Amino acid sequence: MNRLELYDVLGKIYVDHRVDSLVDCFAPLTGWKKHFDSMVDLLEDCVTQYHLLLENEVNAEVHVMEKSGTNSEVHMSLLKFARDRFRALVVPLKRSIRILCTHLPKRLMLPDNFEKMVTLFGLLDTFENLLSQTQVADKELEELFARQENYSEEAQGSRASNYISDTLHNMRVEIVQVLRSVGRSLGDHLPSSTDRSFLTEFCLKNSSLTFSTVSSSYNLHEVDLEPLDLLVIDEASQLKEFESVIPMQLEAIRHAILIGDECHPQAMVKSRVSDEAGFGRSLFERLGLFGHSEDLLNMQYRMHPAISSFPNRKFYKDQIIDAPSVLCENFRRNYLQGPMFGPYSFINISYGWEEPDEAGHGIKNMVEVAVVMAIVRNLYKVWEGSKHSLTVGIISPYTAQILQ
């Protein structure tokens, strides 16, 4: 997965993307409430809206006849009007539902509302499909939209021959009920503001999990947060001590967990004086020097045993155990034969040379590119036809080489 694909996947949880979505969703003229109300109006007053359209068409037709002396009849059927209008309204309505279900905390959505919205999504799809496939006369469709919610069982029985019409009626009633129920509930406690600063704070205050870099966590100091139960700092051994302090200064943190590997290099410090003064030391290392106990996560799940054996022996005193998943036969797939293509290999490209990229992206080594392409091509030929999944990752220190 390249960086652009990764951003596309993770971008949906960024607070900026969430705020952008909620700004659109809370807009008074184009937001979720407008879409809810418009669909309710259609399902309850479809016939009225249709006759209003006909009246406008007739007035326009009369005007044309008076000017040109010709007769121009353009009359849309009620069925076509209902189909077209429903399709026009259901797209933004579904988009609002997705935004609300995705970007609002469940504690604000309430579990009951969330379940109703999931049900509503299916109802809208089914109703649209039935409306598109059925051929109902205008008079019958007008009766369908005119029926009240308390349509009697006797009346339904008298129309048992028209199962689709009865189904459309029941679904229409259910959709209206759900839209009204959820609309009232959300309207009571959701903000109506579209101010970005307000919505940013709204998202941060109501999030159950907040991910950030340690440096950008300073933004949380400006937010009136509820007490945080837990702070987790990943890669804590590669952070300068003062960087770890930024999130740890948040008020009312009850617990903090530092996850890191002291065998990794310290944070980079360019100044020799600062380096000698221990400026690159992490809080993780300091706590270890003070005698605080550490829990070693001693099972690795990624590397082939032939790869893990060296760092395990060199840095971890053989304390790391290979998980069963990397010891099983399925993990040891050798598609290409020969000693060069074992669990790992170092291949010396002796005839390659570095050259500047014409587009200004840096340097590249085209011989290395050609060798990598040849290996991947051969690997694909051998793998093709097998029933195994295969993922190939290519890492290069050269930006220009990646773009080749």
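The values are calculated or read from the model by the stated rules, or taken from the named source; none is laboratory data. What you see is a predicted model, and the numbers here were worked out from it, not measured in a lab. Backbone-built Cβ (ideal geometry, glycine too); neighbour counts: all protein chains shown. Areas reflect the complete protein model, heavy atoms only, side chains present, ligands, DNA and RNA absent. Shrake-Rupley method; radii C 1.70, N 1.55, O 1.52, S 1.80 Å.
Candidates S274, G260, V232 compared by Cα position along the dipole of the range 192-290: farthest toward the positive end lies S274, with charges placed on Cβ. Globularity index of the range 195-268 is 1.20 (Cα radius of gyration / 2.2 N^0.38 Å, N = number of residues). Simple rule: put +1 on each Lys or Arg Cβ and -1 on each Asp or Glu Cβ in the chain, find the dipole, and look at G362, F26, Q300; the Cα lying farthest toward the positive end is Q300. Treating only the Cα positions of the range 166-320 as identical point scatterers, give the base-10 log of I(q)/I(0) from the Debye formula at each q in 0.16, 0.17 Å⁻¹. Ignoring solvent entirely, the Cα scatterers give -1.03, -1.10. The helix-only estimate of mean residue ellipticity at 222 nm for the chain, built from DSSP H runs of length n ≥ 4 each weighted as -39500 (n - 2.57), is -17000 deg cm²/dmol after division by the residue total. Taking other residues whose beta carbon is less than 13 angstrom from the beta carbon of V369, and scoring Lys, Arg as +1 and Asp, Glu as -1, yields -2.
Ligands, DNA and RNA left out, the accessible area of the range 223-336 computed with a 1.4 Å probe is 54% carbon and sulfur. Remark: accessible surface ordering of V392, V369 (largest first) is V392, V369, probe radius 1.4 Å. Of the whole protein surface, T200 contributes about 40 Å² of accessible area at a 1.4 Å probe radius.
Rolling a 1.4 Å probe over the protein heavy atoms gives the range 250-404 an accessible area of 78 Å² per residue.
Extending 7 Å from the Cα toward the beta-carbon at both S274 and V371 defines two label points whose distance is 3.8 nm.
Given axes a ≥ b ≥ c from the Cα gyration tensor, I'd like to know whether the range 246-359 is rounded (a/c under 1.5), prolate (a/b larger than b/c) or oblate.
Cα axes put the range 246-359 in the oblate bin.
Positive-end ranking of T194, S212, M171 along the dipole of the range 169-225, with charges on Cβ about the Cα centre, is headed by M171. Relative contact order of the chain, please, whole-number percent, based on alpha carbon pairs below 8 angstrom and at least 6 residues apart. With pairs under 8 Å counted, the relative contact order is 11 percent.
Computed over the chain with a Gaussian network model linking Cα atoms closer than 10 Å, the most mobile of F145, F279, F331 is F331.
Under a 5 Å amide H cut-off, with hydrogens placed 1.01 Å from N, L231 pairs with H255, A256, I257 among residues at least 5 apart or on other chains. Once the Cα atoms are used to define both axes, helix 111-133 deviates from the longest principal axis of the chain by about 60 degrees. What is the calculated FRET efficiency for A146 to S192, with r their C-beta to C-beta distance and R₀ = 30 Å, to the nearest 0.05? The computed FRET efficiency comes out at 0.30. The spread of Cα positions in the chain, taken along each principal axis and listed from longest to shortest, comes to 91, 58, 51 Å. Note on I402: accessible area is roughly 100 Å² with a 1.4 Å probe, heavy atoms of protein only.
Angle of helix 366-383 to the longest C-alpha principal axis of the chain, folded into 0 to 90 degrees and rounded to 10: 70°.
Only Lys, Arg, Asp and Glu carry charge here, each on its Cβ (+1 for the first two, -1 for the last two); on that basis the chain has a dipole of about 1200 debye about its Cα centre.
For the range 327-339, the Karplus equation 6.51 cos²θ - 1.76 cosθ + 1.60, evaluated at θ = phi - 60°, returns couplings of 9, 6, 5, 4, 7, 9, 9, 10, 6, 9, 7, x, x Hz by residue, with Gly and Pro reported as x. When you filter the trypsin sites (Lys or Arg not before Pro) in the range 246-296 for DSSP loop state and at most 11 other Cβ atoms inside 10 Å of their Cβ, you are left with R254, K270. Largest GNM mean-square fluctuation across L258, L130, L390, computed for the chain with C-alpha springs under 10 Å, falls on L390.
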